[in-house]
Amino acid sequence: MFHEEKFKLLPWDYFLSDYERDLLKMPIQDLVIKYPRISQEQIEAELITIRDNVAIFNSINQLHIS
């Protein structure tokens, strides 16, 4: 017999690194200071990618919730 298990949805930021969380929270100028080895251009590009991924995640979750 199979038991029906309920799975809890993980929060969208569950797998983000501290750096990625900082990207979403901090102003770019503060990020450049905190992460001096990463260029402002790279930070901006990674921020766009993360925001795009969050939007995709949210749209997929809306499909499963509806």
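Sort out which residues of the stretch 26-44 are surrounded by 11 or more Cβ atoms within 10 Å (Cβ to Cβ), among the aliphatic types (A, V, I, L, M) and part of a helix (DSSP H, G or I), and write them in order of number.
Selection gives 28, 31, 32, 43.
Every residue in the stretch 36-56 that is within 10 Å of the chain's Cα centre (by Cα) and farther than 16 Å from residue 11 by Cα, please.
47, 49, 52 - these are the residues of the stretch 36-56 that are within 10 Å of the chain's Cα centre (by Cα) and farther than 16 Å from residue 11 by Cα.
Which residue out of 16, 10, 23, 63 is at pLDDT below 95 and either in contact with a helix residue (DSSP H, G or I) (Cβ under 9 Å, 6 or more places away or on another chain) or among the basic types (Lys, Arg) (or both)?
Result: 16 is the single residue among 16, 10, 23, 63 that is at pLDDT below 95 and either in contact with a helix residue (DSSP H, G or I) (Cβ under 9 Å, 6 or more places away or on another chain) or among the basic types (Lys, Arg) (or both).
The values are calculated or read from the model by the stated rules, or taken from the named source; none is laboratory data. Since we're looking at a predicted model, the values are computed, not measured. Please note: Cβ atoms are built from the backbone with ideal geometry, for glycine as well, and neighbour counts cover all protein chains shown.
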